[in-house]
1. Would you mind putting 277-283, 560-566 in packing order, based on average other-beta-carbon counts within 10 Å, highest first?
2. Given the -39500 (n - 2.57) contribution per DSSP H run of 4+ residues, what per-residue ellipticity at 222 nm results for the chain, rounded to the nearest 500 deg cm²/dmol?
3. Specify the angular offset, from 0 to 90 degrees and rounded to the nearest 10, of the alpha carbon long axis of helix 517-528 from the longest principal axis of the alpha carbons in the chain.
4. Under the Karplus relation 6.51 cos²θ - 1.76 cosθ + 1.60, θ = phi - 60°, what is the ordered set of whole-Hz ³J(HN,Hα) values for the range 228-233, x standing for Gly and Pro?
5. Extending each Cα 7 Å along its Cβ direction at Asn354 and Arg610, get the distance between those two points in nm, one decimal.
6. How do 591-601, 503-513, 380-390 rank on mean C-beta neighbours within 10 Å, highest first?
7. List the residues, sorted by chain then number, that are 5 or more residues from Ser575 or on another chain and whose placed amide H is less than 5 Å from its amide H.
8. Given a Förster distance of 45 angstrom, what is the FRET efficiency for Asp183 paired with Asn459, based on the Cβ-Cβ distance and rounded to 0.05?
Amino acid sequence: MTIRYFQMEKHLSEVETSFQEVNPDASEPNARAGWNSKIEYFLAQVGFSVGLGNVWRFPYLCHQNGGGSFLLLYVLMMLLVGIPLFFLELAAGQAIRQGSIGVWKSISPRLVGIGYSSCVVCFFVALYYNVILAWSLFYLGNSFQSPLPWTSCPEEVNTTDSECKANSTTSYFWYRKALNITDSINDVGSFNPYIVACLLAAWVIVCLGMFKGIKTSVKVMYFSSIFPYVVLFCFLVRGLLLEGALDGISYMFYPKLAIWGDMQVWRQAATQVFFALGLGFGSIIAYSSYNPRNNNCHRDAYTVSFINFFTSVLATLVVFSVLGFRANKITAECVVSNLKLLLAQVQNGDVDQNMLPSFNHSDLGSLGLVAYRDWFKQHGSHIPGNLTDCNPEKEMEKGVQGTGLVFIVFTEAMSLLPGSPFWSALFFLMLLNLGLSTMFGTMEGILAPLTDRFKTLANNKTKLTVLSCLVGFLIGLLFTQRCGNYFVMMFDDYSATLPLIIVVVFENFSVSWLYGADRFLDDIEEMLGWRPSVVYKYLWKYICQLAMLTLLAATCIRMFIKTPTYMVWNKETSSEIAVPYPGWALAVLASLIIFAMLPVPVGFFYTLHRDRKLREPRSGMVTLNEYRVVSTKCETPLNDLTDVGPWHRDSGSN
């Protein structure tokens, strides 16, 4: 049996050699660049994982889903699912020293499509992510004015614009000046020349940063990865000194344990962990592939994950300290406005003067918010007119998700600060740097796998980088139309979520079940010199796999049950309303998901067909089907050795 086994191994080697002679592009180059220092690697990984989502998505989810309770749930999901999967990608990239295509081809050739799907998703994300950088550049350019252009309504023939007057000035500037948005996705509209210019500038910056691969991008990351933390700490110190800041933070972290019974909260926590760490993009694998083989990737997984979590909490403190200040200002104005209305009603005889709260009529701000709200609870329902409660928590909930938080609410809060142009320029420069470091990682998730897989592209990597950025800019012009914001929402909500979850499901399945979790731990032990805990075996095989499948099912069910909608700016009501996507937009949405997932089945059936052709008898060659492996100690259920990649045989496993 041993002789037969080695005969078959020799035959497989001949088959692979003959295949690579016919397909020279199938061989990966052995030469591999490397980081100059561990600091460079950390800056790259942290810069990629810490992005705009830490500033505008995490605070919203934390506030909407139980505050402190959501934080505990997030940490739990990060420990049980996020870090093990992050460690898996780090170890795979470092061991095989290839991009995502080469890694999954080595682990299971029939799942080579996983790497190609990661590249497609990275490209989709890069298209709309750079548009957000273009918006940041536009606001950064407008920040060097005093007063800021979004602090007042424009004057039209001695009359203030009615739409601006009906809503906040920051909302008007965002929708009418920055986006010049249309009423629906069906109304395409013309290109916005300012955003087109900013998008071109954003792609030029990315291209220059990626021009010579990681050697140039890491030089930019020294600034783009560190500068956001300097700005966040500056904002935190300034924010804590503002009136109402502590109220905002207390609203933020007030625990609501009952929220743990809602499955949607668990889904949102898992999704946030998933995207915060950048799982499935292939960028983690690409960056770790430049590491020396003995690098402690286990420690890196925990370090990067907790830095990411710390950044999210820091950004949350900053956001809600400033939002608390903004809510305090708005509710104070609300109290004064209501007291003016009450005094007018008393003068008209509509309200008995004894119903009024005790305050100095010459100083309407003397009553205070707490005293007014206590009075309103007792007498508000008995007073005619449109008196309001002046609730600061409701003010903080307005527009605190996504672009609404950054380009409307936060800009309004900064306009209230002394020296607002300085703080505005600092904030949008921080956003630009956060986005750039993430864009570098996203582009590396595209370029590294392709140049590793194809020698022609590897020999022309600079040209490939320039061409990729040029194509990204040309396609990105779609988002610079007046309806472009609606397409950004479509890509953000649907082009990456479902495909990435499927990619990670296959990644985890191929390592823990096809290749075998024990064998993977053996390879890590050989690489690091020590063996990680056996707990990872059960986490990868059961906990992570079950969690990802549950997340996949929940996402699919939600997509089918809830009709996909997008938020439209209604100029008549001066507010956002949810509108269902038209039929053609649903077709585009479905096409994005299908196109991103298509490489997985295509790669599987192509490899299956190729393997069948290679098994056909040839003159002078022994028929492969004459030999079988009757027993194996491997965890993998596959006994067909054509599925065993080069990493398997090099590892010395059975």
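1. Put in order of decreasing packing, that is 277-283, 560-566.
2. Working: 31 runs with 409 residues, N = 654.
Calculated from helices alone, the mean residue ellipticity at 222 nm is -20000 deg cm²/dmol.
3. That works out to roughly 90 degrees.
4. x, 5, 4, 5, 4, 5
5. With each label placed 7 Å out from Cα toward Cβ, I get 9.1 nm.
6. 503-513, 591-601, 380-390
7. Asn570
8. Details: r = 50 Å, r/R0 = 1.11.
For R0 = 45 Å, the calculated efficiency reads 0.35.
The values are calculated or read from the model by the stated rules, or taken from the named source; none is laboratory data. What you are looking at is a predicted structure, and each value in this text was computed from that prediction instead of being measured. Here the Cβ is made from the backbone with ideal geometry for all residues, glycine too, and neighbour counts use every protein chain on show. For accessibility, only protein heavy atoms count, side chains too; no ligands or nucleic acids. Shrake-Rupley method; radii C 1.70, N 1.55, O 1.52, S 1.80 Å.
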